[in-house]
Each structure stands twice: as structure tokens, then as C-alpha cells.
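Report on one structure; see the data block that follows.
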Amino acid sequence: MSDQPSTPARDHEWFDYYKRFTYFSPEAVRDGCQPRIMEHPEAPKKAIVLVHGLSDSPYFMAAIGDYFFHRLGYNVYMPLLHFHGLKDPKGMEGVELEEWKSNVSFAISKAAAKASEISVGGLSTGGALSVYMSALNPRINGTLYLFSAALDLAGGAFGLVGELKEILLQTFLADLLDSNGSLIGDNPYRYNAVDMDGATQLARLIKETDTIIGLFDSGFPFPDKVFAAHSESDQTADIAGIVALQKVCDQTRFKFFRIAQNLGVPHASVVLDKPVVSNDGKELEPRNPLFAEMMQAIADFEKIE
């Protein structure tokens, strides 16, 4: 008898993930927000772990995951981060950065069990987690893929507002500023706000990735190939974070897919091939008009050793 739940399976739903992280279940996770797994019948050489951003879900990585699976032949693993994608998120009270790291580490272990070359990538917070894993997890021996990576918070002249945000979110004032309102809104695939509890964990992560990036320079470059896509219109994650990473990478193994400001592509839209719409048909998040070009750039970059 199957030990899978009686509820109908959703696209590529990763049931073993629920067994490992029992605070998730098919019944507790919103439709479309489920952790996802895509494996070929015969194990390929390559696999990738794709990590979503703060307040959203693996849905946002699905179009990129489809491309890696169907066009590039990878196995694909999309973990759901602690306190995300829930029907009842409880204000994200108790969310932990260390648990996010455990979520991603589990996916990397599963990927490495069937493939010899493991890449990692993600959107926003997922990008920052990917930088952390790329530098510290020995199983990552492929490429680091960054999409609107939250390596620095945006805002203000010379990034000063972003720096102040990061400092503020690491203090007790973050709890005082938390609205504690409902996180469930019109968007079926993300919460309707970035909760302060989660943002505080992101600030901790940014501090850690700053330290990691600071270990490298042009004479001792960041060891992995890096593909970074970022919009100049991003009002959430400062593009300066990617520029800083680029400076400490081998320039022959770094590709910067920079989306011009005149296109007006917002933060999370960089990873969207189709717009996100509400149940009543209202467009909530636009698509990236350069999505196809971005994915072709990834396919071309993959050929570089």
C-alpha cells in the first residue's frame, strides 16, 4: 500500500520532502506552492537545486526548472523553505535561517545521490542561500545561478538605506515593527507581504554571504562558475551585490545577464516566463520579456568549462 497521502498529487510534488520536514504536508501547503522534484528515468550526469525567495514558493522557480529538465537534461530539485507556502503561516513566528539551510542541504544531498555534477541557484533569498551553499557545501561542483539575488538590500544613495535596513532587521526592533497581519492574500504563490521574522533571517544571511564574498579577490577568485541575472529596475535587491561578487570571480567564468532599466522588470519577475494572475484574472506580477533570451544565455554559458 502506498504511503503517499490520499489528497490528489500536484505537479511534480516531492513527497519524500514532507517525510524529512514534517512541519510540511500536502494538506498544510497551498496549491502550487509544493516542493517539487523532476527526475529522469535514467540518472543524468547533471542536477540542479533551485531555491525560491522570501515570502514566495517553488512556483517561482518552475519555468526555469522546466528548462533545465526538458531542454538541458538535468534532474531538478525545488525545496520549500521553512514557514513558506503554508495555508496558515502563523505570521512566520519561529522561522529559522538554519532550517532554510537544512532544507537546501537536503535537496543537494538528494541531487548528489543520482548525479555527479551538482549546480545550485535561486531567486532573491534563494540566491543568497545558493551563494552560501556554493562556497561551503562540497557537493556543489557545477555552476551557481543567481536570479535577483539578495546579496544586498536596495535603497538610498550609495546603498545607505539598504545597509540601514540590514542593521535594523538584526535588532529587537524588527519584532516591534512587525504588523502581524494575515500573510494570505490574492497571490496564490506567495504571501502578501515580506514578514519581519523572515526578513530578519534574510539580514542574517546577507551578513554571512558578505563575509564569504570578502574572503575572495582577483588573486584568489570565487571558485565556481557564476551566472547572474538581475534587473536594473530592481527595488528590492541592490544590483551592487552582484557587482561586488563579479569583482572577485574569474571573469571568463562569470556571465552577467543585466536587464536594462527601461524594460521596468521588477524583482521577482526576472524568473517568470508567464505573469502571475489572481483567481479573478488580475495580473499581480508581470513576466520577464527577456525570459527566452535569458535561458538561451544559460544554455550558451553551460558550454564554458
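Picking from F227, F220, F257, which residue would you name as being under 28 Å from I118 (Cα atoms) and in contact with a His (Cβ under 8 Å, 6 or more places away or on another chain)? When all the criteria are applied, what remains is F257. Each residue in the range 262-292 was checked for being touching a residue at least 24 places away in the same chain (Cβ under 8 Å), surrounded by fewer than 20 Cβ atoms within 10 Å (Cβ to Cβ) and under 23 Å from Y74 (Cβ atoms), and 3 of them qualify.
Would you point out the residue of the range 240-254, among those that are touching a residue at least 40 places away in the same chain (Cβ under 8 Å) and crowded, with 21+ Cβ neighbours inside 10 Å, that is farthest from A193 (Cα to Cα)? Even if it seems obvious, please write down each step before you answer.
Our first condition is that a residue be touching a residue at least 40 places away in the same chain (Cβ under 8 Å); within the range 240-254, this holds for 240-242, 244-245, 252-253.
Those left that are additionally crowded, with 21+ Cβ neighbours inside 10 Å: 241-242, 245.
Numbers: G241: 23, I242: 24, L245: 28 Å.
So, considering only residues that are touching a residue at least 40 places away in the same chain (Cβ under 8 Å) and crowded, with 21+ Cβ neighbours inside 10 Å, the one farthest from A193 (Cα to Cα) is L245.
Close Cβ contacts (under 7 Å, 6 or more residues apart or on different chains) running from residues in the range 95-110 that are outside any helix (DSSP H, G or I) to residues that are buried (at least 17 other Cβ atoms within 10 Å of the Cβ) and polar (S, T, N, Q) comprise V95/Q201; E96/Q201. For the range 115-134, filtering for residues that are more than 14 Å from A237 (Cα to Cα), small (G, A, S) and either buried (at least 24 other Cβ atoms within 10 Å of the Cβ) or modelled with pLDDT under 95 (or both) leaves 4. Looking across the range 83-102, the residues that are surrounded by 23 or more Cβ atoms within 10 Å (Cβ to Cβ), within 16 Å of the chain's Cα centre (by Cα) and of a type outside the set (F, W, Y) come down to H84, G85. What is the residue count in the range 268-291 for residues that are more than 23 Å from V120 (Cβ to Cβ) and either in contact with a Gly (Cβ under 8 Å, 6 or more places away or on another chain) or not hydroxyl-bearing (S, T, Y) (or both)? Result for the range 268-291: 14. Checked against (1) over 11 Å from the mean Cα position of the chain (by Cα); (2) of a type in the set (G, A, S); (3) in a loop (DSSP other than H, G, I, E, B), S55 passes all but a single condition, namely (1). The single condition among (1) in contact with a Lys or Arg (Cβ under 8 Å, 6 or more places away or on another chain); (2) assigned to a loop (DSSP other than H, G, I, E, B); (3) touching a residue at least 40 places away in the same chain (Cβ under 8 Å) that G73 does not satisfy is (3).
When the residues of the range 33-52 are filtered to those that are under 16 Å from the mean Cα position of the chain (by Cα) and either assigned to a loop (DSSP other than H, G, I, E, B) or among the aromatic types (F, W, Y) (or both), the one that is surrounded by the most Cβ atoms within 10 Å (Cβ to Cβ) is H52. Within the range 69-82, the set of residues being within 20 Å of A112 (Cα to Cα) and under 15 Å from the mean Cα position of the chain (by Cα) comprises V76, Y77, M78, P79, L80, L81.
The values are calculated or read from the model by the stated rules, or taken from the named source; none is laboratory data. Here the structure is a predicted model, which is why all the values come from computation and not from measurement. Note: ideal-geometry Cβ built from the backbone for every residue, glycine included; neighbour counts use all protein chains shown.
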